[in-house]
Amino acid sequence: MPARLAGRVDAAVAAIARFLTRWSVPALRVTLGLVFLGFGVLKFFPGASPAESIAARTVETLTFGLVGGTAAVIFTAALETFIGLTLLTGRLLRAGLLALTVAMAGILSPIVLFADELFGHGMTLLGQYVLKDVVLVAGAAVVAAVALGARLKLDA
């Protein structure tokens, strides 16, 4: 590769790296916010969310039966909506991330609590729905790290 072309490629790669360093985490925060907001709002409308039943059962199991049924779904809807709004707007972000940290137990627990139902004889559609939450939690961890002071840094 001629030196001039190599220089242009290096400059383009550096420009892309600067762009991604600046915008990737804010884009991740906003898109996670949209996902949580969308999933949360759906749960306010009975029958609209494919995760309504598993959300209710998960909350009921985690609260040892103290919160179940409609109350569990409304609680989950309110929590996910709050998390979504904080991620989307950046306002009350630390409170939203704290709520998300608590919610992570509920978000991931169906993988353990209902493993046979989700993955018993191969991956079910509900299992796929729950398993994608692992990606949401990983993305949320990146957003939380940056919100708490971590920074992406380009090599010199």
- Would you check if LEU136 is under 24 Å from ILE54 (Cβ atoms), part of a helix (DSSP H, G or I) and touching a residue at least 60 places away in the same chain (Cβ under 8 Å)? yes
- Is it the case that ALA147 is surrounded by 11 or more Cβ atoms within 10 Å (Cβ to Cβ), modelled with pLDDT of 85 or more and either touching a Phe, Trp or Tyr at 6+ places or on another chain (Cβ under 9 Å) or farther than 30 Å from ALA15 by Cα (or both)? no
- Query: Using beta carbons and a limit of 7 Å, which pairs, at least six apart or on different chains, have the first residue in the range 44-72 and closer than 19 Å to TYR129 by Cα and the second one among the aromatic types (Phe, Trp, Tyr) and surrounded by fewer than 17 Cβ atoms within 10 Å (Cβ to Cβ)?
  - Reply: PRO50/TYR129; ALA51/TYR129
- Message: Can you go through MET104, MET123 and tell me which one is out of contact with any Leu (no Cβ under 6 Å at 6 or more places or on another chain), under 20 Å from PHE75 (Cβ atoms) and either modelled with pLDDT of 90 or more or not hydroxyl-bearing (Ser, Thr, Tyr) (or both)?
- Response: MET104
- Query: Which ones in the range 103-124 are out of contact with any Ser or Thr (no Cβ under 9 Å at 6 or more places or on another chain) and touching a residue at least 12 places away in the same chain (Cβ under 8 Å)?
  - Reply: MET104, ALA105, LEU108, ILE111
- Note on the structure: Residue count, the range 113-133, condition β-branched (Val, Ile, Thr), more than 19 Å from the chain's Cα centre (by Cα) and not in a loop (DSSP other than H, G, I, E, B), comes to 0
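The values are calculated or read from the model by the stated rules, or taken from the named source; none is laboratory data. Just so you know, these numbers come straight off a predicted model, no measurement behind them. With ideal geometry, Cβ positions are generated from the backbone for all residues, glycine too; neighbour counts draw on all protein chains shown.
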